[in-house]
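Reading through the structure tokens given below for one structure.
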Amino acid sequence: MKTIDDFNFKDKKALVRVDFNVPLNGSFTVTDTNRIEAAKPTLIKILEDGGSAVLMSHLGRPKGQSNPDLSLEHIVDTVSQIIGVKIKFVDDCVGKSVENAVAALQPGEVLLLENLRFHAEEEAGDATFAEQLSKLGDIYVNDAFGTAHRAHASTTAVAQFFPDNKCFGYLMAKEIEAIDKVMETGEKPILAILGGAKVSSKITIIENILDKVDHLIIGGGMTYTFVKAKGGQIGDSICEDDKMDLAMDILKQAKEKGVEVHLPVDVLAADDFANDANTKVVDVDKIPDGWQGLDAGPKTLDNFKEVILKAKTILWNGPVGVFEMESFAKGTIAVGKAIDEATQNGAFSLVGGGDSVAAVKQFGFENKVSYVSTGGGAMLESLEGKTLPGIAAIIGE
Ligand code: AMP
């Protein structure tokens, strides 16, 4: 795996795919700078080597049309502040004017190109467009993990024009390393905690992960499809009746593969899907009609904690309750705390994909786990066992 550390950028122009798809408010101010900060180490390395950087990104979904609301010009000042260099901007991403701006770029300078997705060819993965992009740098660096699962021109097709001069930036390298630590090289016992709303959205992950882990905790809304499939009473809890056979099959596969599955034994049930609903703790398989399980119960959390504290490698994807409502956030917080403790005791913990990242940030566990992935869809596809196109294009698979 070639990373940015394998190159010296002195007097070179780096063409860097970053993920600056950041949220903007009504006055076009960046409201969350995480993605820009995440790209900083890569850009600093290029500049400190004595190189220059040409940055390409998308912003929002302009669907192949120019759209002033989605211009990357809005973020120039924010990027300048974070990187500590006055960023130059050019109002397109291919063509003569862009090539001229790149030619004028001096070592230590950074040029941000206009939104790639103003051209439909970007999302189409068009080779001619990718070739035009490839003229804008000597070395191609992909540091956009958030779009690595898309076979777009700037993430994938462009790499073929840099047969020897392509590499991952630091962020991509860290993400790949974190996934590898769980899926390939993790110290045993390896535990996956899968929560979230539905079995159907996690099924490919579960099937892939059964070959990798020793323990599997299933929590959140997914629980009830399993419990009902096993003959339990789940009241009005969320359930996918058409996935009950699949749930039984997962349990069977887990047994055959020697994976210990830990399901909730009790739940905090509510008489309404509302923060101010009446609540009571009941056994997971004896939820009365008119009640629904919205969080893990105390015995369950004790069990989960015991499993978490024994694990040496932990993957967490999906909350174990409706954490958006304070009344049903305790389970997810308790899981976060146990992972924090396990991490302090030397376990490697990765949080990735979707709402668990939001939960981890909301409850302040971001710096307590080993790694929080920056890419929702890209992380989920990695956990499903897919090789992401943006990664394959660099490692040549
Ligand atoms: P996901 O994006 O698949 O990780 O699902 C996250 C969502 O699952 C969150 O919005 C949670 O509120 C929801 N969720 C977790 N537990 C439950 C539950 N017991 N009933 C309904 N929704 C749940």
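The values are calculated or read from the model by the stated rules, or taken from the named source; none is laboratory data. Being a predicted model, the structure only gives us computed values, none of them experimental. Cβ sites come from the backbone with ideal geometry, for glycine too, and all protein chains shown count toward neighbours.
Just a few scattered comments:
- Inter-residue pairs, beta-carbon under 6 Å, first more than 11 Å from V322 (Cβ to Cβ) and modelled with pLDDT of 95 or more and in region 291-303, second in a strand (DSSP E or B) and within 11 Å of the ligand (Cβ to nearest atom), 6+ apart: W291/A269; G297/V267; G297/L268
- Top-ranked residue of region 125-139 - restricted to ones that are touching a helix residue (DSSP H, G or I) at 6+ places or on another chain (Cβ under 6 Å) and touching a residue at least 60 places away in the same chain (Cβ under 8 Å), ranked as surrounded by the fewest Cβ atoms within 10 Å (Cβ to Cβ): S134
- Elements of the type strands (runs of 3 or more DSSP E) sitting completely within region 1-95 and holding at least 2 residues that are without any contact (Cβ under 8 Å) to a residue 40 or more places away in the chain: these cover 88-90.
- Strands (runs of 3 or more DSSP E) enclosed by region 125-220 - at least 2 residues per element that are within 16 Å of the ligand (Cβ to nearest atom): 190-194, 215-218
- Candidate set from region 325-347 (those that are charged (D, E, K, R) and within 14 Å of the ligand (Cβ to nearest atom)); member that is farthest from L194 (Cα to Cα): E326
- Against the test of being assigned by TED's automatic domain parsing to the domain that holds A53 and either among the acidic types (D, E) or within 19 Å of F9 (Cα to Cα) (or both), the options A159, A120 yield a single qualifying residue, A159.
- Checked against the criteria, A120 does not count as in contact with a strand residue (DSSP E or B) (Cβ under 9 Å, 6 or more places away or on another chain), more than 30 Å from M244 (Cα to Cα) and hydrophobic (A, V, I, L, M, F, W, C).
- The criterion of at least 2 residues that are surrounded by fewer than 24 Cβ atoms within 10 Å (Cβ to Cβ) and within 16 Å of the ligand (Cβ to nearest atom) is met by the following strands (runs of 3 or more DSSP E) wholly inside region 273-324: 279-283.
- Pair list, Cβ under 7 Å, 6 or more apart: region 323-347 residue under 14 Å from D302 (Cα atoms), other residue part of a helix (DSSP H, G or I) and within 16 Å of the ligand (Cβ to nearest atom): G331/L301; T332/A359; A334/L301; V335/F304; G336/V360; A338/F304
- Counted residues, region 348-370 - those being within 15 Å of the ligand (Cβ to nearest atom), in a loop (DSSP other than H, G, I, E, B) and touching a strand residue (DSSP E or B) at 6+ places or on another chain (Cβ under 9 Å): 3
- The condition (being buried (at least 20 other Cβ atoms within 10 Å of the Cβ) and either of a type in the set (F, W, Y) or touching a His at 6+ places or on another chain (Cβ under 9 Å) (or both)) is satisfied by just one residue among E114, E122: E122.
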